[in-house]
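Student: Once you've had a glance at the structure underneath, I'll fire off some questions.
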Amino acid sequence: SASMRATDIAPDRLARARLELLDWLDRLQGERVGLIVYAGEAGVLLPPTDDPALLQRALDQVDPRLIEAPGSNLAVALDLARAQLAAAPGTAKAVLLLSDAEADSVDAAAQAAVEALQQARLPLFVLGIGSEAGAPVPLPDGGFAEADGVQVVSRMAVSAYRQWAQTTGGRFAAVSDGDADWAALHDRGMAALPGDPLALESAAAWRELYAWCLAPALALLMAVSLPRRVVAMIALALWGAVAVPPPALADEAAAWQAWQQKNFAGAQALYAQAGGYRGQMGAGAAAWRQAAYAASARHFGAALLLAESDRQRADALYNLGNAHYGRGQWQAAFEAFETVLSMRPGDPRAGANRALAWQRLRRQRADAPMQSDLGGRRGFLAEGRIQLDGQAGPPPDDPESEAAGVQIDRGVPSAGGAHAPAASAPSQPLRVDPRLALSGLKKLDRLQDQPTTLLHNLLKQDARHDDAERPPW
């Protein structure tokens, strides 16, 4: 819905929801997950799968334009999720809802949908992507949503959504910096649900415990037989073992040593093992030094989630923009640097890099690799035009993005069907006006892949909706 573009959660609610889900995917242990998107309607973007790559691809395609009907119709989304889970095998199932928990979405239909989940024994886990203070709702054409001349502020209805989650046996958590949100929802929630029984044969596993009894006896024997000076040295050695610094600090020290030795692969592994904001930032920088920009973006995205201050968030976003730039994702890089500048106005590095990303965006069509097609026609390679949000071309504020599209004939064959010419009839050569052929090929070259439009039309065919009137945000 439009309210997911509000910016009370950095970089905005929708982008944060993507990052949170990517972070959650790392916690999965082979579970099957499907993806439903909703606004005024709801549709299945991805049926349940245990393939993380498919889930990540589907998340890249999430866009407010996928659903035409405005608003936030939670009821149809929950009903669709319940129907999908009813058709899925197994008994251990749950619904995970990432929503800004908009106050206007709390209605009788949503209450009935929650009660249906309770009757189906499907716990509802809710991650609230928003704040109780709220934020204005930006409109696609600029400005902010208004109701009766008053600017709309989208706020989370925490109490209602928490009550719904608890009613079904689930949990509610507001998005937070760090891992507290997923620790509550996943580690102490979904992961604790009873799993489906597996048909496995039992086997005896022996644990050798004699060493625990033998070790004290050997220590006492050594204490009796060795001189007092040696015993003191052993005690000192044992104390030194206890005083070893925590693993995270040791990993960071080892990672820094590997960095100084230009062993960036080793530094990346050690920083990632250290974890936390500093560890993810170090791992991302080490991956960037190896030109492993995809891994670098993953680490910096994790650091953004773990950041505890605006300064840390801005630093993580700046580095994330550099990683996107290294991957050739100019749109994503431009947006990252733009967000950094909104947090740190006048930042010279972010300003310079934003300008570079913008230049790349404007030159993208000319710089994209070309390949020959049938008849000598040349067209853009698809991989030269892929963006983080699944869209091709310049940012929305570029006037070139408003160029008129090409009308396509949607006619169908007659009821009699297509007929092949009689075998005895001589074939006639196809005569094409060269000027019309050239014009047609030029139009083909101007066609652009529009995955969002395709997914929008596919979702529209099966979208669930009702006739209730709701606010358009």
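Student: State, to one decimal in nm, how far the label point of THR7 lies from the label point of GLN118, with both points 7 Å from Cα in the Cβ direction.
Tutor: 4.0
Student: Quick one: which residues, 5 or more positions from GLY178 or on another chain, have an amide H under 5 Å from its amide H? H modelled 1.01 Å from N in the peptide plane, none for Pro or chain starts.
Tutor: HN-HN under 5 Å from GLY178: LEU306, ALA307.
Student: So if I take the centroid of the Cα atoms in region 85-120 and the same for region 1-20, what is the distance between those two points in Å?
Tutor: Their Cα centres are 21 Å away from one another.
Student: Shifting gears a bit: At 7 Å along the Cα-to-beta-carbon direction for both LEU28 and THR167, put a label point, then send me their distance in nm to one decimal.
Tutor: Taking the two extended label points, one gets 2.8 nm.
Student: In terms of the Cα gyration tensor, with a ≥ b ≥ c the square roots of its eigenvalues, is region 138-194 rounded because a/c is under 1.5, prolate because a/b exceeds b/c, or oblate? Intermediate values should be presented prior to the final figure.
Tutor: Numbers: a/c = 3.83, a/b = 2.26, b/c = 1.69.
Prolate, because a/c is 1.5 or more and a/b exceeds b/c.
Student: Per-residue HN-Hα couplings for region 38-46, Karplus 6.51 cos²θ - 1.76 cosθ + 1.60 at θ = phi - 60°, whole Hz, x for Gly and Pro?
Tutor: Karplus values, whole Hz, x for Gly and Pro: 8, 9, x, 10, 9, x, 8, 7, 8.
Student: Given 10 °C and 1.306 mPa s, compute D for region 247-364 with the Stokes-Einstein relation, Rh being the Kirkwood radius over Cα pairs; round to the nearest whole µm²/s.
Tutor: Using the Kirkwood radius from Cα pairs, D works out to 111 µm²/s.
Student: Take GLU335, GLU31 and order them by how many other Cβ atoms sit within 10 Å, fewest up front.
Tutor: Ordered by Cβ neighbours within 10 Å, fewest first: GLU31, GLU335.
Student: Hey, what's the per residue convex hull volume over the C-alpha atoms of region 2-68, in cubic angstrom?
Tutor: 79
Student: List, largest first, the extents of the alpha carbons of region 2-195 along their principal axes, each in whole Å.
Tutor: Its Cα atoms span 51, 34, 31 Å along the three principal axes.
Student: Still on this structure, please answer the following. Could you run the Karplus curve 6.51 cos²θ - 1.76 cosθ + 1.60 with θ = phi - 60° over region 101-115 and give me ³J(HN,Hα) per residue in whole Hz, x for Gly and Pro?
Tutor: Using θ = phi - 60°, the values come out as 6, 4, 4, 6, 7, 7, 8, 5, 5, 5, 4, 5, 5, 5, 5 Hz.
Student: Could you work out how much longer the chain between ASP107 and ASP148 gets when fully extended? Use 0.36 nm per residue separation minus the Cα distance between them, nm to one decimal. Present the calculation step by step, with values, prior to reporting the outcome.
Tutor: Values: separation 41, 0.36 × 41 = 14.76 nm, distance 2.11 nm.
Answer, rounded to one decimal: 12.6 nm.
Only the coordinates and a few stated rules stand behind these numbers; no lab work does. Everything quoted here is computed from the prediction, not taken from an experiment. Glycine gets a Cβ as well: all are built from the backbone with ideal geometry, and neighbour counts include every protein chain shown.
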